[in-house]
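Nothing in this text is a laboratory measurement; each read-out follows from the coordinates by a stated rule. Keep in mind it's a predicted model, so treat the numbers as computed, not measured. Reconstructed Cβ throughout: ideal geometry from the backbone, glycine too, with neighbour counts over all protein chains shown.
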Amino acid sequence: MKKALTKMLSALTTGICLFVVSVFDFNGSQFTANAADYEKRGQTGDYSYYVWNQSGFGTVEFENTENNGFIGSWNDIDNVTLQKGISFPRDTVSASQINKYQIDYDVDITTDGIAYVGVKGFFHNPTVEFHIVESWGEWEPPGTEFSDAKVGSTIIDGTKYNLYRYMKIVQIHDSTYPEYWSVAERDPLEIGNSNHIEGTIDVAAHFQAWTASELDLGYLNEIMFNVDGYKSSGSVKLNSMDTRANIESEEVFDYFRSIVPYEEHASLPVDENGKFINVDFESGTDKFGTIGEVSIAEITKANSFSGSQSLNVPESGDTPVALFYELDPYDLPKTESTPPYYQVRARLFNNAEHDVSFNIDLVEYSEISSARKVKRLGTRLCSPGKWTNIKDIVFDFDHDVYRKYRIVFTPTEPVDYCLDDFCMSLGKSDYLFNIRHFDPDIQGDLNDDGVIDSLDISVCRRAIINSMGVKKIETSGDVNGDFMSNVSDLVILTKYVLGASSEMPLSDNGEILYIGDCSLTDEKNIRKFSVSGSYFNDDSFKTVLCKDYTFTSEWRETEYFKCYDVIDFSEGFEKKNAKECDISYSADLRCSGDIDVDIYGLLKNGYRTLDFRIYESWSREYTIIEHNIMMDDTEKSSIITVNGTEYDMYISDVSSTYKLVYLYRRDNPINGREYSHIENSFNLEELLKHWLEIEDSCDTVSHIGLNISADKSSGYADFDELSFFG
């Protein structure tokens, strides 16, 4: 088992230059050099620093600063190096043990000539000097004379780096050793002006790129943030630097010795709809296959969404069969967004007699290693015996030329299924992954055939039947844009098809559909709405939120569901008195398991706090046990009536300034039922007389909200009324 070193090793290594004469004043970490050739090393905290000025020409100044930074300058020098970073004890850490090594930096630099900024270090066994150059001035290292020494290129964090290897001659020792370079393709520094540079240098990624280019790496001497100047004057301020590292006890990236999997080429053209890949299986394609030694996917004429063919994946044994599309990243055109977003869309036909969920993933892998990186892009439920439109599957990624990529569709159980009309298109620059707005351009065309007719009425009817009882949110029959399929949609569509109406009105409630977890805040940063418990972009969770904050949340076969809607006044200047807090709600609930619905909040007055929770419906085991324990404490519990509704009440004086109150609605509408309707209205002032003495009054609202929790269940919470302040 791999064991990561828990502390970054910091120790001085043997100096590289052996002929040094140092004649300068040194006081703490600030010093000035102005005489013969010298070098100076030191330690501050976990970081080593190093200054070198060849032949002592000109002057060099250096001072360590806060945030692991330094200030330096050079004037009329021949060659100067200013560094700060980590040194390693000899023969303790090899490059292949570096699982993660990232340097975050923020620097300002000015030069009138040649200078460059990045990382510099040394290996031994074999001896190698290495450079990662982020920016340079008048001259781009390692120089045009070494153009034949280029061994390749790589893209790291969206930036292309050219890779070089050549032999360095050290005249004073009459010896040679190799130098490795990664040089970023960026605009050069502006000569004579201050240049601000910040970012992250992924040192481990450069080690991997060099290894993949068949360059040998050894044990680490040091990894230093580096500024080099040559026959120039200039100044630098490293404002901050931070090193994040994970060093394993064994080799972790030998598998990066691989052939670059994709040949660089121009991106594919984009059509008027933003598509650049469109596969309808009317002809074969070699980029699709199933996971395994031999692909079992075959073209079939037995089923298709458009055209006459689709791709069939037969059920095979007890293990679900995953279907993949081999993604050549060079096919992807550039987008206006940063990072670049792309969308995947397909039609899936589920040949089972029941619903089956499919996970859609972006898989990054290497053919010579089992190591994989899987990014879940979404999860979609496919109904039996019909084509399901798998859309809005959005992804972004950094193109690593040493890895391969697949878009993978995996059923959650063994099933025979078909795929048709696979396409990829550009994402929108302002796209939010799990948010859906109704598209009026497709209003009424429920079967996607480009025509609104009686066939769409049939689709609407089936959708209504499909949604009756067990769920509320159903988009396949939605005509008016509320993300529901109900009789109102059928009436609107029928009138339009029969010519009794020339338009199909849209809902004016501003509904937005959220798929999977979501977390939202209003413009004032006061009202916050959140749903959690599923994977991101997983349609086992759906929420329709209206502009008035009424909402419908729906969950399917989940271990845990959590939804809250809270108004938070604690951070703002706006204050509300409890007398202004008129709570009113009306909701339909369905839950196949246990569920709690409660109103909760905090009231303040100076240092005094009252924390309350009002259970309007409750069936979770923990809540029942908690209620029974509280009610057994007769000194702190009682029964009260609020607006005609009886509650069990428990009050605890946690401290002299903190009071905790629980209310449990005695008729408990959800108790023992899968379906229920709950509604109530009251003013907080009605409750204060039961909770507080006049002299202890806490009447300023800090928080007020609604909380829903459900365990191991399917269901929905449909709030058609929800108000906290009238």
Handout entry: the chain: relative contact order in percent, alpha carbon pairs under 8 Å with at least 6 residues between
Key = 10
Exercise for the section: Report, by chain and number, residues whose modeled amide H sits under 5 Å from the one on G152, excluding near sequence neighbours (fewer than 5 apart, same chain). Expected result: L163
Handout entry: Dipole of the chain [Lys/Arg +1, Asp/Glu -1 at C-beta], most positive-end residue of S507, S310, S530
Key = S530
Handout entry: Cβ-based net charge around D104, under 11 Å, with every Lys or Arg adding one and every Asp or Glu removing one
Key = -3
Completion exercise
Once both label points are put 7 Å beyond Cα along the C-beta direction, the S316-D106 separation in nm becomes 5.3
Handout entry: Cut-off 12 Å (backbone N to label point 7 Å along Cα→Cβ of E721), residues of region 665-692
Key = 678-682
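When the helix-only estimate is applied to the chain (DSSP H runs of n ≥ 4, each -39,500 (n - 2.57), divided by the residue count), what is the mean residue ellipticity at 222 nm, nearest 500 deg cm²/dmol? Show your work: numbers first, answer last.
Numbers: 5 runs with 55 residues, N = 726.
It comes out at -2500 deg cm²/dmol, rounded to the nearest 500.
Taking K and R as +1 and D and E as -1, what net charge do the other residues with C-beta under 13 Å from the C-beta of E66 add up to?
-1
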Completion exercise
Projecting the Cα atoms of T200, C382, F541 onto the charge dipole of the chain, where Lys and Arg contribute +1 and Asp and Glu -1 at Cβ, the residue farthest towards the positive end is T200
Practice task
Express in nm, to one decimal, how much length is gained between S240 and Y607 on full extension, taking 0.36 nm for each residue of separation and deducting their alpha carbon distance.
Solution key: 128.2 nm
Exercise for the section: Rank by packing, highest mean first: peptides 93-101, 491-499, 145-153, with packing defined as the count of other Cβ atoms within 10 Å averaged across residues. Expected result: 93-101, 491-499, 145-153
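Per 0.36 nm of contour for each residue apart, how much would the distance between K689 and I629 grow if the chain were fully extended, relative to their Cα-Cα spacing?
Value of the extension gain: 19.2 nm.
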Exercise for the section: Would you mind getting me the FRET efficiency between S656 and V374? Use the beta-carbon distance for r and R0 = 45 Å, nearest 0.05. Expected result: 0.25
Practice task
For region 440-508, give the magnitude of the charge dipole about the Cα centre (Cβ charges: +1 Lys/Arg, -1 Asp/Glu; no others), in debye to the nearest 20.
Solution key: 400
Practice task
Identify which of the listed values of Rg and Dmax of the Cα atoms in Å was calculated from the structure shown: (i) 47.1, 153; (ii) 33.0, 98; (iii) 33.7, 128.
Solution key: (ii)
Problem - Förster radius 22 Å - calculated FRET efficiency between V294 and R345 (Cβ-Cβ, nearest 0.05) - result: 0.20
Exercise for the section: Please give, to one decimal in nm, the separation of the simple spin-label points placed at T127 and E251, each 7 Å out from Cα toward the Cβ. Expected result: 2.4
Handout entry: In degrees, nearest ten, helix 203-212 long axis to first principal axis of the chain (Cα)
Key = 70
Problem - Linear extension gain, E523 paired with N67, 0.36 nm per residue minus alpha-carbon span - result: 160.7 nm
Practice task
Rank-order 262-269, 131-138 by packing density, defined as the average count of other C-beta atoms within 10 Å over each peptide's residues, highest first.
Solution key: 131-138, 262-269
Exercise for the section: Extending each Cα 7 Å along its Cβ direction at Y262 and D76, get the distance between those two points in nm, one decimal. Expected result: 5.4
Exercise for the section: Return the long-range amide H neighbours of Y341 (sequence gap of 5 or more, or a different chain), with a cut-off of under 5 Å between placed amide H atoms. Expected result: G427
Exercise for the section: Report relative contact order for region 575-642 in percent, whole number only (criteria: Cα-Cα under 8 Å, sequence separation at least 6). Expected result: 23
Practice task
Using the Cα centre as the reference, give the magnitude of the dipole from point charges on the C-beta atoms of region 513-723 (Lys, Arg: +1; Asp, Glu: -1; all else neutral), rounded to the nearest 20 debye.
Solution key: 280
Fill in the blank from the handout: The alpha-carbon center of region 486-522 and that of region 297-331 are separated, in whole Å, by 33
Handout entry: Table column - 3J(HN,Hα) (Hz), region 520-530, Karplus curve with 6.51, -1.76, 1.60, x for Gly and Pro
Key = 10, 9, 6, 5, 7, 6, 10, 8, 10, 10, 8
Fill in the blank from the handout: If unit charges are put on Cβ atoms (+1 for Lys and Arg, -1 for Asp and Glu) and the dipole of the chain is taken about its Cα centre, the option from W618, Y341, I86 lying farthest towards the positive end turns out to be I86
Fill in the blank from the handout: Quick numbers on region 25-256, Rg and Dmax over C-alpha atoms in Å, give 16.9, 49
Exercise for the section: Give the calculated FRET efficiency between T144 and R90 to the nearest 0.05, with a Förster radius of 45 Å applied to their Cβ-Cβ distance. Expected result: 0.80
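If you put +1 on each Lys and Arg Cβ and -1 on each Asp and Glu Cβ, how big is the dipole of the chain around its Cα centre, in Debye rounded to 20?
Charge dipole, the chain, about its Cα centre: 920 debye, nearest 20.
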Exercise for the section: For region 147-153, just list the computed ³J(HN,Hα) in residue order, Karplus coefficients 6.51, -1.76 and 1.60, θ = phi - 60°, integers in Hz, with x standing in for Gly and Pro. Expected result: 4, 6, 8, 5, 10, x, 8
Completion exercise
Taking Cα atoms, the helix 487-497 axis meets the longest principal axis of the chain at an angle in degrees (rounded to 10) of 80
Handout entry: Order by protection proxy (mean Cβ within 10 Å, highest first), peptides 716-725, 628-637
Key = 716-725, 628-637
